[in-house]
Amino acid sequence: MLWLHRDGATYAEIMKSFGIWDQRTMKRHLELAEEEERTERVRRRRLEDATAEHMAEIRELIIKWKDSIKLDAFKISQDTLADCRNVEKDPLFKYLGEHLPFKSLWADYEAWKEKHAQYIDLGENLLEDLVKEGETKMELRVRGCDYPGLRLTPE
C-alpha cells in the first residue's frame with residue numbers, strides 16, 4: 001500500500017486495490033505502514049551501530065592479541081605468555097574463533113605457546129646448570145645476587 005502511494009497512485013486506486021471502502025481507513029493504514037517503516041529503520045540503524053561497535057571491539061582485541069605475541073631474542077621470560085594469558089582472559093577472546101574461523105591459526109597459536117613454554121623451560125634449566133657449574137667448579141657465589149633475568153631461589 002505504501003509503495004503504491006509513493007508511486008503516485010490516488011487514494012481511489014489504492015482503496016480499490018486493497019478493497020477498502022472508507023478513506024479514513026485507508027489513511028489510517030498508510031499511517032500505520034509509515035510508522036512500521038520508521039520503526040524498522042530505527043531497528044536496522046541500531047543493529048548496524050551495535051554491529052559496528054562489536055567489530056571495533058573485535059579489532060581492538062585482535063590488535064592486543066597480536067601485540068602480546070612477541071619474543072625477544074635470547075630473553076628467557078614468562079612475560080610473553082603472561083601477556084597472552086591476559087588477552088585470553090578477555091571475555092570476547094573465547095568467541096574470537098567465530099570471527100577468525102581458521103583452524104590453522106588456532107593450531108599454530110597453541111603450538112607457538114607450547115614451543116615458547118619449552119623454550120622457557122630449556123632456558124631455566126640451562127641457567128640452573130650454569131649456576132651450579134659456577135658454584136661448584138669455580139666456587140662462585142651466584143645465588144642471592146642481583147643479576148637481571150636470574151630467577152633462581154637461594155639454597
Task: All positions within the stretch 79-105 that are over 19 Å from residue 58 (Cβ atoms) and either of a type in the set (S, T, N, Q) or in contact (Cβ under 8 Å) with a residue 60 or more places away in the chain (or both) - done: 80, 104
Open item on the list: Tell me yes or no: at least one residue of the stretch 66-76 is at pLDDT below 85, closer than 29 Å to residue 53 by Cβ, in contact with a Ser or Thr (Cβ under 6 Å, 6 or more places away or on another chain) and assigned to a helix (DSSP H, G or I).
Closed with: no
- [ ] Quick one: which residue in 14, 20 is assigned to a helix (DSSP H, G or I), modelled with pLDDT under 90, outside the structural domain of residue 94 (by TED's automatic domain parsing) and closer than 14 Å to residue 1 by Cα?
- [x] 14
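The values are calculated or read from the model by the stated rules, or taken from the named source; none is laboratory data. Keep in mind it's a predicted model, so treat the numbers as computed, not measured. No Cβ is skipped: glycine too gets one built from the backbone with ideal geometry, and neighbour counts run over all protein chains shown.
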